[in-house]
Amino acid sequence: MKELFPAKQVWGFVFSLILTFVALLVYFFNMSKATGMTIFILTAFIQAAVQLVVFMHARETDDSKSIFMTLYCAIFLALITVFGTILCMVWGWSY
Amino acid sequence: MGFFSRFLIPNPSPVIYSSMVAIGVTVLLIIVGLTHFKKWFFLWSGWLTTVDHKRIGIMYLISALLMLFRGGVDAVMMRAQLAVPDNKLLDSQHYNEIFSTHGVVMILFMAMPYIMALMNFVVPLQIGARDVAFPRLNAISFWLFFMGAMLFNISFVIGGSPDAGWTSYFPLAGNEFSPHVGTNYYMIGIQIAGIGTLMTGINFLTTILKMRAPGMTLMKMPMFTWSALVTSIIIIFAFPVLTVALIMGTMDRLFATKFFTMTEGGMDMLWANLFWVWGHPEVYILILPAFGLFSEIIPTFSRRNLYGYRSMVASMVFISIYSFFVWTHHFFTMGQAAYVNSIFSITTMVIAIPTGIKIFNWLFTMWKGRIRFTVPMLYSIGFIPLFTIGGVTGVMLAMSAADYQYHNTMFLVAHFHNVIIPGVVFAVLGAGTYYWPKMFGFMLNERIGKWAFWFLTIGFCLAFFPMYITGLDGQARRIYTYSESTGFGPLNMISFIGATLMAISFVLIVYTIYYSIRHAPRDVSDDPWDARSLEWATHNPVPEYNFAIIPQVNSRETFWDAKYKGHELFKGDYEKIHMPNNSGVPFIMSCIFFVFGFALVFSIWFLAIIGLIGIFVCMAHRSFEIDHGHYISVEEIKETEAKFGGVNKWK
Ligand code: HEM
Ligand SMILES: [Cu+2]
């Protein structure tokens, strides 16, 4: 019976519900923009990780090495793009 | 009339009306021809429904040649308009439309599919596979590209062409300054084709990582396969940015959102930023496979192995990541602070280093080699000095302070044509000739091919080198005329002559194909160039299953070693071969995409909704379809192989 019960998935689901709920708090409580954004960003990234590992089985095949390589690469490039854009259009904007 | 008036062209001219007639007549002729020769079934079962990577490659090739013609006509019209001062051949609106469509057609609908053609045809053969990882997805990629390109191409006879440049910068591309549907065509046509490209990237990444023949480790892969792998990675990371930017642009135009507006919190330059976040990696998506092709051609015709294999791979992998660090060099003049520009100036200059390494590797490969001056080799040899000039002017442009002088002048135009024509166009033309016998079973005529090469090269130099000078003297790009007193006249006339020579070269290329279809002998061997990698170990033309027995790889130049060092490629007996089934769904779904796109362009909502439902129905159909493919029996393989002379006949 124990083998048949998808404990990991159920807990993953509960956890992602909790994350959603935490993010929702920003709406109900009157917090500063900085605190709100921090909560958003943190919960969003953890949420994405949960989805990938628990529900998209990123760790369960022999390809997981290339899957994670691609993933880290993607995160790295996304960060470069986002911060590069902010650098051009906000921090370094002089026009 | 109210409903139909939207399909009229806002700025008609006799040329456009005659093109309408010409298009109508051609379509009619094709339909009559197909019916008369009873070819409908052949077309449907052999080509429209095929999932065979070789046939898909050939369809990409034909589309690319068609688009080369269309883009080339645009180019000659532009050069004719600029040939003399104060010319009245085209008015400013037509000139704007022509340079916009020229850029999009050449980069997205000519260069990209040409590269895709060669990747599709060559990569599975080079790694000893029977097809790509997802053959059906591959068909969808092709048809989405095709329908996106066709949607974009009909713009000039239905509703009017985009006129905001191939970069389509906002706010010019917004509704206020571009009220016609032209820019809708841009947003939606490219979107549809781009989805196809993204799928190709995923498909080839998986194919190359998962389907290599036994023994072929990553560091034993042929260089073109390496370049296809790296290109796929860049596609996967770059194209989503374009997708998002195009969706935002479409929403601004169709649903009055404010992403790129100048007022109400919009940010017009954000488009330029996102466009180049995709756009710079895109130029590497074009050039890396071209580098890969030269790396196949040069060793073959120098009779030497590729010099510095490891450094070639390393510089490509470096470029793939690094090409995402430099995009700001396209808008140094936009308004960011000098320190920001300096950062991107330096990153840009650094990217010239790996490119330089590759140039030296090709030179060292030829060094002491026994060079044969065939058409593919001529293109490769012409590429090296001409591309280097383009790279050097690129580094000039990369100096942000100096770029204030060069930006948006003919100097810039000369730079990027100088890298794209000797880089990408030479590569695909050379490789097209090189792989022609593998594709069609006969060789292209060398003599006419050489004439075409010389016309193209001389025409290229005449057309683009004068632009460096007029650009420095201040001739701006995208301006439809200039006055006599600027003194730009004579140099522009030379450019026009060069453009004409390039047009003649295109005619010669088409003529070589025609001539060779009629006259070339059909009994070429499987390995007519005495080549080195696995794609030449199979027959000419390649049978459906590529390799009757999957080859065993144990060195970098397996085929060469099998020919001359006695390595055994094909061990064991024939076994039945599992192949994917053909399917009409990719074609049908892409046709629905076309209708959906067309409806969006003209805001015909009921049709768009029907189209969207149709697309989802096709996807649902695929989810529930049971399709296990089919087997080719051992008897059938034996029969085919006997016709070709067996697996090891080149020994
Ligand atoms: C040595 C490497 C290269 C360097 C340093 C370089 C640098 C640059 C710079 C700084 C610009 C922007 C100039 C301006 O807008 O004022 C530019 C534009 C451009 N480059 Fe390059 N480039 C290089 C190689 C290439 C290659 C290999 C390709 C294509 C295959 C390419 C295609 C283009 C295109 C299409 C544009 C401009 C498009 C437009 O504004 O419409 N470049 N390049
Ligand atoms: Cu660039």
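Points to keep in mind about this one:
- Entry note, chain A: relative contact order of 24 percent, from Cα contacts under 8 Å with a spacing of 6+ residues.
- Residue order, fewest to most surrounding Cβ atoms within 10 angstrom, among B:MET78, B:MET366: B:MET366, B:MET78
- Across every direction, the projection of the convex hull enclosing the Cα atoms of the range B:14-111 has a mean area of 7.9 nm².
- Computed over the range B:543-651, Cα set: Rg, Dmax in Å: 22.8, 66
- C-alpha long axis of helix B:634-644 to longest principal axis of chain B, angle in °: 80 degrees
- Over all pairs of different C-alpha atoms in chain B, the reciprocal of the mean inverse distance, the Kirkwood hydrodynamic radius, equals 25.8 Å.
- In the range B:464-608, the convex hull through the Cα atoms has an average projected area of 18.6 nm², a quarter of its surface area.
- Computed from backbone phi, the HN-Hα couplings of the range B:33-38 come to x, 4, 5, 4, 8, 6 Hz, rounded to whole numbers (Karplus: 6.51 cos²θ - 1.76 cosθ + 1.60, θ = phi - 60°; Gly and Pro given as x).
- Dimensionless Rg over Rh [chain A; C-alpha; Kirkwood]: 1.11
- Ranked B:MET467, B:MET119, criterion: other C-beta atoms within 10 Å, fewest first: B:MET467, B:MET119
- Chain B, relative contact order in percent, only Cα pairs under 8 angstrom and at least six apart counted: 17 percent
- The alpha carbons of the range B:216-360 stretch over 63, 34, 24 Å along the principal axes, in descending order.
- Those lysines that a straight Cα-Cα span of less than 18 Å connects to B:LYS210, excepting residues fewer than 8 apart in one chain: A:LYS65, B:LYS220
- Quotient of the Cα radius of gyration of the protein assembly as shown and 2.2 N^0.38 Å, N being its number of residues: 0.98.
- Rounded FRET efficiency, nearest 0.05, which uses the C-beta distance separating B:VAL392 from B:PHE360 and R0 of 25 Å: 0.95
- Per residue, the convex hull volume that the Cα atoms of the range B:462-536 enclose (Å³): 165 Å³
- For the range B:544-597 versus the range B:189-240, the gap between their alpha-carbon centres in whole angstrom: 16 Å
- Taking label points 7 Å from Cα along the Cα-to-Cβ direction, B:SER92 and B:ILE517 give a separation of 4.4 nm.
- Fewest-first sequence of B:ASP561, A:ASP63, B:ASP252 by Cβ atoms within 10 Å of each Cβ: A:ASP63, B:ASP561, B:ASP252
- A viscosity of 1.002 mPa s and a temperature of 20 °C, combined with the Kirkwood radius over Cα pairs in Stokes-Einstein, give a translational diffusion coefficient for the range B:101-144 of 186 µm²/s.
- Close amide-amide hydrogen proximity is noted between B:THR409 and B:ARG477, each under 5 Å apart and 5 or more residues distant or on a separate chain (H modeled in the peptide plane; Pro and chain starts excluded).
- Between A:ASP63 and B:ASN305, the modelled label-to-label distance comes to 3.1 nm, taking each label 7 Å out from Cα in the direction of the beta carbon.
- Projected onto their three principal axes, the Cα atoms of the range B:143-258 cover extents of 59, 29, 20 Å, largest first.
- Cα gyration tensor category, rounded, prolate or oblate, for the range B:66-189 with a/c compared to 1.5: prolate
- Nearby lysines by direct alpha-carbon distance to B:LYS39 (threshold 25 angstrom, same-chain neighbours under 8 apart not counted): B:LYS54, B:LYS438
- Report summary: the helix-based calculation at 222 nm, which adds -39500 (n - 2.57) for every DSSP H run with n ≥ 4 and divides by the residues of chain A, gives -23000 deg cm²/dmol.
- Candidate aspartates and glutamates - alpha carbon under 15 Å from B:LYS643, same-chain residues fewer than 8 apart omitted: B:ASP523, B:ASP526, B:GLU544, B:GLU635
- Loop-located chymotrypsin sites (Phe, Trp or Tyr not before Pro) in the range B:582-651 (DSSP state not H, G, I, E or B) with no more than 14 neighbouring Cβ atoms inside 10 Å do not occur.
- Centre separation in Å (Cα based) which lies between the range B:518-537 and the range B:70-134: 29 Å
- For the range B:538-604, the relative contact order comes to 26 percent (Cα pairs under 8 Å, sequence separation of at least 6).
- Spin-label zone in the range A:42-75 - amide nitrogen under 18 Å from a point set 7 Å from the Cα of A:VAL14 along the C-beta vector: A:47, A:50-51, A:54-55
- Over the C-alpha atoms of the range B:354-465, the Rg to Rh ratio, Rh being the Kirkwood estimate, stands at 1.04.
- Our Cα-only numbers for the range A:1-56 put the radius of gyration and Dmax at 14.1, 48 Å.
FYI, it's all coordinate maths here, none of it is from the lab. Predicted model only: the values in this text are computed from it and were never measured. Cβ sites come from the backbone with ideal geometry, for glycine too, and all protein chains shown count toward neighbours.
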